[in-house]
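The values are calculated or read from the model by the stated rules, or taken from the named source; none is laboratory data. This structure is a prediction, so every number in the text was calculated from the model and none was measured. Here the Cβ positions follow ideal geometry from the backbone for every residue, glycine too, while neighbour counts run over all protein chains shown.
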Amino acid sequence: MEKQFDGKRALVTGAGKGIGRDVAKELVKCGAVTYALSRTQSDLDSLKEEVPDIHTIAVDLADWDATQKAVESIGPIDLLVNNAGINIPEPMLEIKKESYDSIMNINVRSCIQVSQIVAKTMVSRKCGGAIVNLSSQASMIALTNHAVYSASKASIDAITKNMAFELGPHKIRCNAVNPTVVLTELGKRSWSAPERSGPLINRIPLRKFAEVEDVVNAVIFLLSDKAAMISGTCLPVDGGFLIAGV
């Protein structure tokens, strides 16, 4: 494994499961001093057992004050992955205030807050850095029962571009990754039924969903110096879904 992040300090939110967990593990393999943040202590405990060199921090990103304290306690960060996110599928006519608030607080507000904290230290240290935000193909298309989730990910795309624009003069690159369905454990359970997965797969030119590794590789690339001239992009990892039309 190429130690391309030796001497770097990385933070991954939503690192207890799925994509975030594998991103955090890969960052350790690549030499970064890595902090894995999750609200679920048991997930962090199992991650620590699997990767003893990783640093874990438990906090609920819905809690502004607790998040501020927790992220500031980590110290300077060079590489940030805003991966934390939730979805509460509801039909447009049945969206609840509580669902809206929960999705937007975790998916959008926490991304802004964590990025603020991290970017301020990058600016003060004059060291530059890289930020990758996890978005979704849902930011660009309509999906049944995903109105609020889609809105939250469209917000992430817009935030990413604005972050890149404002932070670029400080040598801070900001990008987003927009996957299709990813075959995490949750993704496999949610999309195992052929009658559900079939119509969507048939709209993907490569005729398959994304593996976790596909998204991890994209994130690691955008964090690395190999992407030194890439900033403000929203990179689809979707097998061509977004070029295929409705």
Test set (1) in contact (Cβ under 8 Å) with a residue 24 or more places away in the chain; (2) surrounded by 15 or more Cβ atoms within 10 Å (Cβ to Cβ); (3) in contact with a His (Cβ under 9 Å, 6 or more places away or on another chain) - Ala138 fails condition number: (1)
Within the stretch 127-142, considering residues that are within 25 Å of Arg21 (Cβ to Cβ) and outside any helix (DSSP H, G or I), the one farthest from the chain's Cα centre (by Cα): Gly129
Qualifying residue in the stretch 224-242 (condition: surrounded by fewer than 19 Cβ atoms within 10 Å (Cβ to Cβ), among the polar types (S, T, N, Q) and within 24 Å of Ile95 (Cα to Cα)): no
Residue in the stretch 86-101 that is within 30 Å of Pro169 (Cβ to Cβ) and within 17 Å of the chain's Cα centre (by Cα) present: no
Selection count, the stretch 200-220, where residues are surrounded by fewer than 17 Cβ atoms within 10 Å (Cβ to Cβ) and out of contact with any strand residue (DSSP E or B) (no Cβ under 9 Å at 6 or more places or on another chain): 7
Flag if Arg21 is crowded, with 20+ Cβ neighbours inside 10 Å and of a type in the set (D, E, K, R): yes
Which listed residue is modelled with pLDDT of 90 or more, of a type in the set (Val, Ile, Thr), in contact with a Leu (Cβ under 6 Å, 6 or more places away or on another chain) and not in a loop (DSSP other than H, G, I, E, B), from Val148, Val215, Val177, Val219: Val177
Of the criteria (1) buried (at least 21 other Cβ atoms within 10 Å of the Cβ); (2) closer than 24 Å to Lys69 by Cβ, which one Gln116 fails: (1)
The stretch 39-76: number of residues that are touching a residue at least 40 places away in the same chain (Cβ under 8 Å) and farther than 28 Å from Ile103 by Cβ: 2
Among the residues listed as Pro52, Pro76, the single one being in contact with a Ser or Thr (Cβ under 6 Å, 6 or more places away or on another chain) and more than 21 Å from Val212 (Cβ to Cβ): Pro76
Ala164 vs. criteria within 27 Å of Ala228 (Cβ to Cβ), touching a residue at least 40 places away in the same chain (Cβ under 8 Å), surrounded by fewer than 20 Cβ atoms within 10 Å (Cβ to Cβ) and in contact with a Ser or Thr (Cβ under 8 Å, 6 or more places away or on another chain): yes
Meets criteria (farther than 21 Å from Asp157 by Cβ and crowded, with 20+ Cβ neighbours inside 10 Å) for Ala10: yes
The stretch 159-190 - residue that is of a type in the set (A, V, I, L, M) and in contact with a Cys (Cβ under 7 Å, 6 or more places away or on another chain) and, of those, nearest to Ala138 (Cα to Cα): Ala176
Candidates Ser124, Ser197, Ser110, Ser155, filtered to the one that is surrounded by 21 or more Cβ atoms within 10 Å (Cβ to Cβ), in a helix (DSSP H, G or I) and polar (S, T, N, Q): Ser110
Candidate set from the stretch 180-194 (those that are at pLDDT below 85 and under 17 Å from Gly85 (Cα atoms)); member that is surrounded by the most Cβ atoms within 10 Å (Cβ to Cβ): Gly187
Boolean, Gly16 is on the phi > 0 side of the Ramachandran plot and of a type outside the set (Asp, Glu): no
